[in-house]
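The values are calculated or read from the model by the stated rules, or taken from the named source; none is laboratory data. This is a predicted model, so every value here is computed, not measured. Don't worry about glycine lacking a Cβ; one is built from the backbone with ideal geometry, like all the others, and counts go over all protein chains shown. Please note that ligands, DNA and RNA were not included when accessible areas were found on the heavy atoms of the full protein model with its side chains. Shrake-Rupley method; radii C 1.70, N 1.55, O 1.52, S 1.80 Å.
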Amino acid sequence: MTTEPYASARRVFWIVDNGSSHRGKKAIDRLTTAFPNTVMVHTPVHASWTNQIEIFFSIVQRKVVTPNNFSDLSKVGDRLRAFEDRYNTTAQPFQWRFTTSDPDDLLALLDRHTPADRQEESSVSLAA
């Protein structure tokens, strides 16, 4: 924040997840006291876009840096850059498969396959 272009920017949006170290008014006040031109933006608590980032780094972990038998750091950089070039030409958006109606559909499916005397119990335990 003390280097350009951030130091002279009118506003800098500081995007954070909802971790306990930067949640709430105290965290916002602490940041704006240190850097008055910042605006703290919290990602959604559930199914945030950071999940997409975690998925991407999981792919990098599995397809690029494992096994980690590189002879030097420049080889890691070369491999990451080659992966980035290939990934950027072939990548497709991740498709979320879970919708807001899915929990109700799942409960209905379970109820159809649960004996009548246990239906209420299965719906209650899953809903909780």
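Accessible surface of residue 21, taken over heavy atoms with a 1.4 Å probe and every protein chain present, rounds to 80 Å².
Modelled this way, with points 7 Å down the Cα-to-C-beta line, the labels at residue 32 and residue 102 are 3.7 nm from one another.
In a shell of Cβ-Cβ distance under 15 Å around residue 79, excluding residue 79 itself, what net charge do Lys and Arg (+1) and Asp and Glu (-1) give? Cβ neighbours under 15 Å give a net charge of +1.
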